[in-house]
Amino acid sequence: MRRLVAASSALFLLFGFDAAWAHAFLDHAEPRVGSSVAAAPRQLSLWFTQDLEPAFSTVEVQNSAGARVDQGKPRIGPANVMRVGLKPLPPGTYRVLWHALSVDTHTTEGSFSFHVGSH
Amino acid sequence: MSCTVLRVAALAIVLAGLPVSNALAHCFVGARFFPATLATDDPCVADEMSLPTVDYLPTPDTPPGKQVDIGAEVSKRITADFGVSIAETWTQIRFPGGPTLAGFNNLETSFQYQLLKDAPHQLALMVGLNVEWGGTGATNAGIGDSFSTLSPTLWVGWGFGELPDQLSWAQPFAVTAEASYDVPTSSFDLAAGAFIPQTVSWSGSLQYSLAYLHANVIDLGLPDFFNHLIPLVEATFQTPVANNFGNSYVTTGFVYPGVIWVGSYFQVGLEAIIPINKESGSGIGVLGQLHLYLDDMFPNTFGQPLIGARTPPAKLPFGG
């Protein structure tokens, strides 16, 4: 066992632990993932668990026909939040597709739906 | 040239020096993350370390001995798609009123090649060769074997994210599977006076990712701790298929229900070990593991493949 502990300790000392970097996971969103909202939101906000590289992180919102309903460029703000404006949304189901590049070049992606109006 | 343009250009240069799949190190396939399962291997090459993996299990002997294993494994990518794993396990078996056996098992290595990562279908395929090196363990203590074993192996992982929205509750499910043909380098154990069988090993896992549910299906507003959980059931089986004259051809194996908590830099797993028959074990055991994501902990050093193909950065899957 001493060999294992010594080897792992040496690894940590040699390479150092960059505690601020990792894959960027979606922490939460507004509208919430899978939610139904009565009124059409004016923007979509995505909060991530890590810092993002704005130039390589993006989001797209589609209606049920696959047409884009987001408008403007996504903005990366403090607290690792990505925001994008939305066109006026009639009642329906919308699909959010996001792609994030964290500052250490790890990529992650995901998608979810939200619904506008009564189900 | 503005600062923003300079920053983007600098990042693009950095990215161009990295292999595309570097950014997907450890097992991300599209929106799916396959955790490092405890009893079987996940279907991706990666820069990872399991330290320690600890298990306790009553042996199938009569009366049963108490077996404790403490292991470690380091996985390192040589290129973006080719990796090597090295594993070592220390074992102690206490027999009631009898001797205690203790020592290292044979050194195990695995050479793995990533055949496929299909992001839209959340499908991963990997092939490799596992080698258990004979004579590297405590052979005199009865722990290690004097012979080596070669095991060509196939790994598969598939996430259910493509299920229709009517079955959205099932989209967090994923399965993994592993199959190998194990060929010992010796056919007869002179000390034991028995043939050494060739075996087929097959195993897999059924997983339900609350992290996937939270980020891709529905945010239930659960406390954050629960959004990191992946309940799962693993199973491992081994069947002698050749060179087993005079011995039983019964399949042995274990079922491992448990849970993995996934963080940004590490994961922790805990599973029960349930033998499928009396030839496998005589009671329920327990298996625990701390697993470190070296590519996230050391993204600029150990978390990089040793040899990186110079390819341009991955194109974003859609505009914006």
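The values are calculated or read from the model by the stated rules, or taken from the named source; none is laboratory data. Computed from a predicted structure; not experimentally measured. Ideal geometry is used to build each Cβ from the backbone, glycine not excepted, and the neighbour counts take in all protein chains shown.
Couple of notes before you dig in:
- Within the stretch B:28-72, being within 11 Å of chain A (Cβ to nearest Cβ) and in a loop (DSSP other than H, G, I, E, B) holds for B:Gly30, B:Ala31, B:Asp47.
- Reported count of residues in the stretch A:26-38, each being surrounded by fewer than 21 Cβ atoms within 10 Å (Cβ to Cβ), touching a residue at least 60 places away in the same chain (Cβ under 8 Å) and not β-branched (Val, Ile, Thr), is 5.
- Subset of the stretch B:166-218 [more than 14 Å from chain A (Cβ to nearest Cβ), polar (S, T, N, Q) and either crowded, with 22+ Cβ neighbours inside 10 Å or without any contact (Cβ under 8 Å) to a residue 40 or more places away in the chain (or both)]: B:Thr176, B:Thr199, B:Ser203, B:Ser205, B:Gln207
- Residue in the stretch B:3-15 that is in a loop (DSSP other than H, G, I, E, B), exposed (fewer than 15 other Cβ atoms within 10 Å of the Cβ), at pLDDT below 90 and more than 10 Å from chain A (Cβ to nearest Cβ) present: no
- Filtering the stretch B:219-232 to residues that are away from chain A (no Cβ under 12 Å) and surrounded by fewer than 18 Cβ atoms within 10 Å (Cβ to Cβ) leaves B:Pro223, B:Phe225, B:Phe226, B:Pro231.
- For the stretch A:79-108, filtered to residues that are within 12 Å of chain B (Cβ to nearest Cβ) and among the hydroxyl-bearing types (Ser, Thr, Tyr), the residue that is nearest to A:Ala65 (Cα to Cα) is A:Thr93.
- A:Lys73 meets each of the listed conditions (1) in contact (Cβ under 8 Å) with a residue 24 or more places away in the chain; (2) within 10 Å of another protein chain (Cβ to nearest Cβ); (3) more than 26 Å from B:Ser168 (Cα to Cα) apart from (1).
- When residues in the stretch A:49-80 are screened for being surrounded by 15 or more Cβ atoms within 10 Å (Cβ to Cβ), modelled with pLDDT under 95 and part of a strand (DSSP E or B), 4 of them pass.
- Filtering the stretch A:81-119 to residues that are among the small types (Gly, Ala, Ser) and outside any strand (DSSP E or B) leaves A:Gly117, A:Ser118.
- In the stretch A:82-119, the residues that are under 16 Å from the mean Cα position of the chain (by Cα), of a type outside the set (S, T, N, Q), more than 21 Å from B:Tyr265 (Cα to Cα) and surrounded by fewer than 21 Cβ atoms within 10 Å (Cβ to Cβ): A:Arg83, A:Gly85, A:Arg95, A:Leu97
- Test: residue in the stretch B:80-99 that is in contact with an Asp or Glu (Cβ under 6 Å, 6 or more places away or on another chain), modelled with pLDDT of 95 or more, aliphatic (A, V, I, L, M) and outside any loop (DSSP other than H, G, I, E, B): yes
- The residues listed here are B:Leu101, B:Leu107, B:Leu115; of these, the one that is surrounded by fewer than 19 Cβ atoms within 10 Å (Cβ to Cβ), closer than 16 Å to B:Cys27 by Cβ and either touching a residue at least 60 places away in the same chain (Cβ under 8 Å) or of a type in the set (A, V, I, L, M) (or both) is B:Leu115.
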